[in-house]
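Have a look at the structure below, then the notes.
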Amino acid sequence: MDRILIRGGRRLSGRVPISGAKNAALTLMPCAILTDEPLTLRNLPRLADVDGFGHLLNQLGASTAVEGARAGEFGRVMTVRAGRIASTEAPYDIVRKMRASILVLGPILAREGRARVSLPGGCAIGNRPIDLHLKALEAIGAELEFTAGYVEARAPSGGRLPGGRFAFPVVSVGATENALMAAATARGTTLLENAAQEPEIVDLCRCLVAMGARIDGIGTGRLEVAGVDRLHGATYAVMPDRIEAGSYACAAVVTGGDLMLAGADPADMGATIAGLRQLGATVEEGPEGLRVAMEGRPRPIELSTAPYPGFATDMQAQFMAALALADGASVLTETIFENRYMHVPELARMGADVRVSGRTAVVRGVGELTGAPVMATDLRASMSLVLAGLAARGETQVARVYHLDRGYERLEEKLGAVGADIERVSDG
Ligand code: EPU
């Protein structure tokens, strides 16, 4: 298995190209199921999860054709054509490895009038139930049955979903996505209240609209979808990854560096930018992207994660790495997932002083972190260890690189190009 080896203490400076957003890609790809015409996605990040999703689409009977990026560019172009759906099932073997597979449920059901998808089970950052996906689909008219670890959803008489109204009791990104895709071709209108407002949801809405969907309230928590008879093909460019950009911003902070995050969209990153400024970073928005520069130690802050436009749970672990080096004590509260502090014991092995009590972590900044062999159980936790390693004295080895490969395109290449001493080593 591969490891990432980092010799820390180097100041990073230069330009980091920001890739297409993983979490947008994973909800744009299933849109292809909604039409028999080709959906071409540009700026698709080169990630294990994107490959995995392509594989799932192939199993359903869709073809996927990938063009590489031009020299010096990141990302790819993928054309998905679901001329006909050969299988309406997303099997356990795929869903258990990639939770986002659940996002095929709404579109298969909309297209074929029935769908069978494995229940995903728990995951490293929390229980992550899918009850809201199912309740929203039921409200749109699906009939559900549970057998052998699978959910089987049917539209009345196997035809089109009628549409309906659902108020989410808790904001859910994935459940909003599934409901939107299911509602796009319903017979009637669907009203989604307390819907997620994440920029990735806006990206999904825009892609659906490009395919012929009719959606009002885009960017708000109240989405009204007037079902259309059919959707057509489209070409759509995936939004820049705001979490990748935020992660590299933290790399500038922990190394006292100066990075131009090329292609990042500051409009999607309000809470992250506010947090970076509170840490003491200089953040400048310009036509090329976002410039983040830091001098001295980070300042301690208080942060609580929240649905968008609040501070993203996907940035919590990376900010913790920065706060581990702050000039004082910080308080982080994680309100989205119940088990998202798996990086804490590993950061502690590098000298961080963090006490977790329930949802709250008190981080007492230390003057220096020291390199160590570490590993993490999820993507963002792994990134926080990379950040700690960039700042630490000595050598850090981050194991279980497959987590990073799910969400950071060419991590070592991007960090190496701005001065990090980082390499991937393979144990064969
Ligand atoms: N929830 C339920 N029932 C549901 C769905 C969600 O109780 O049916 C709960 C979850 O357990 C959680 C909260 O609602 O406590 C929010 O979960 P949400 O559904 O919003 O998360 P998700 O759609 O499963 C996406 C991202 C995550 C990101 C969250 C929150 C994708 C593929 N994943 O997950 O990204 O943390 O939204 O913003 O879009 C990551 O990229 O590292 C990552 C984990």
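The values are calculated or read from the model by the stated rules, or taken from the named source; none is laboratory data. For clarity, every value in this text was computed on a predicted model and none was experimentally measured. With ideal geometry, Cβ positions are generated from the backbone for all residues, glycine too; neighbour counts draw on all protein chains shown. Accessible surface areas use protein heavy atoms only, side chains included; no ligands, DNA or RNA. Shrake-Rupley method; radii C 1.70, N 1.55, O 1.52, S 1.80 Å.
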Subject >> Hits in segment 18-51 (condition: in contact with a Ser or Thr (Cβ under 8 Å, 6 or more places away or on another chain) and open to solvent by 20 Å² or more (accessible area, probe 1.4 Å)) >> reply: Pro38, Thr40, Arg42, Asn43, Arg46
Subject >> Tally of residues being of a type in the set (Val, Ile, Thr) and under 19 Å from the mean Cα position of the chain (by Cα) across segment 393-419 >> reply: 1
Subject >> segment 96-137 - residue that is assigned to a loop (DSSP other than H, G, I, E, B) and among the charged types (D, E, K, R) and, of those, nearest to the ligand (Cβ to nearest atom) >> reply: Arg128
**OP:** Please find, among Ala100, Ala90, Ala139, the residue that is closer than 18 Å to Ala186 by Cα, touching a residue at least 24 places away in the same chain (Cβ under 8 Å) and among the hydrophobic types (A, V, I, L, M, F, W, C).
**Re:** Ala139
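Does Gly246 satisfy being more than 16 Å from the ligand (Cβ to nearest atom) and either at pLDDT 95 or above or touching a strand residue (DSSP E or B) at 6+ places or on another chain (Cβ under 7 Å) (or both)? Please lay out each step first, then the result.
Numbers: more than 16 Å from the ligand (Cβ to nearest atom): no; either at pLDDT 95 or above or touching a strand residue (DSSP E or B) at 6+ places or on another chain (Cβ under 7 Å) (or both): yes.
No: the conditions fail for Gly246.
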Subject >> When residues of segment 5-16 are limited to those that are of a type outside the set (Gly, Ala, Ser) and open to solvent by 30 Å² or more (accessible area, probe 1.4 Å), the one nearest to the ligand (Cβ to nearest atom) >> reply: Arg15
Subject >> Number of positions in segment 393-428 that are in a loop (DSSP other than H, G, I, E, B) and either within 22 Å of Ala124 (Cα to Cα) or touching a Lys or Arg at 6+ places or on another chain (Cβ under 9 Å) (or both) >> reply: 10
Subject >> Conditions (1) open to solvent by less than 20 Å² (accessible area, probe 1.4 Å); (2) more than 22 Å from Gly20 (Cβ to Cβ); (3) under 25 Å from the mean Cα position of the chain (by Cα); (4) more than 16 Å from the ligand (Cβ to nearest atom); number of the one not met by Asp93 >> reply: (1)
Subject >> Candidate set: segment 390-425, residues that are more than 23 Å from Gly75 (Cα to Cα) and acidic (Asp, Glu); chosen: the one most open to solvent (accessible area, probe 1.4 Å) >> reply: Glu395
Original post:
Across segment 150-179, what is the number of residues that are more than 16 Å from the ligand (Cβ to nearest atom) and among the hydrophobic types (A, V, I, L, M, F, W, C)?
Top reply: 2
**OP:** Pull up segment 143-156, narrow it to residues that are more than 27 Å from the chain's Cα centre (by Cα) and in contact (Cβ under 8 Å) with a residue 40 or more places away in the chain, then point me to the one that is surrounded by the most Cβ atoms within 10 Å (Cβ to Cβ).
**Re:** Ala155
Subject >> Which numbered condition Gly428 misses (of (1) of a type outside the set (Asp, Glu); (2) under 29 Å from Gly68 (Cα atoms); (3) modelled with pLDDT under 95; (4) buried (at least 24 other Cβ atoms within 10 Å of the Cβ)) >> reply: (4)
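Residues to consider are Gly233, Gly246, Gly164; find the one that is surrounded by fewer than 22 Cβ atoms within 10 Å (Cβ to Cβ) and closer than 20 Å to Leu26 by Cβ. Write out each step before concluding.
On the way: Gly246 fails: surrounded by fewer than 22 Cβ atoms within 10 Å (Cβ to Cβ); Gly164 fails: closer than 20 Å to Leu26 by Cβ.
It is Gly233.
Would you pick out the residues in segment 402-428 that are within 16 Å of the ligand (Cβ to nearest atom) and in contact (Cβ under 8 Å) with a residue 60 or more places away in the chain? Can you show your working first?
So the first thing to find is which residues in segment 402-428 are within 16 Å of the ligand (Cβ to nearest atom), and the list is 402-409, 411.
Residues satisfying the conditions are Tyr402, Leu404, Asp405, Arg406, Gly407, Tyr408, Glu409, Leu411.
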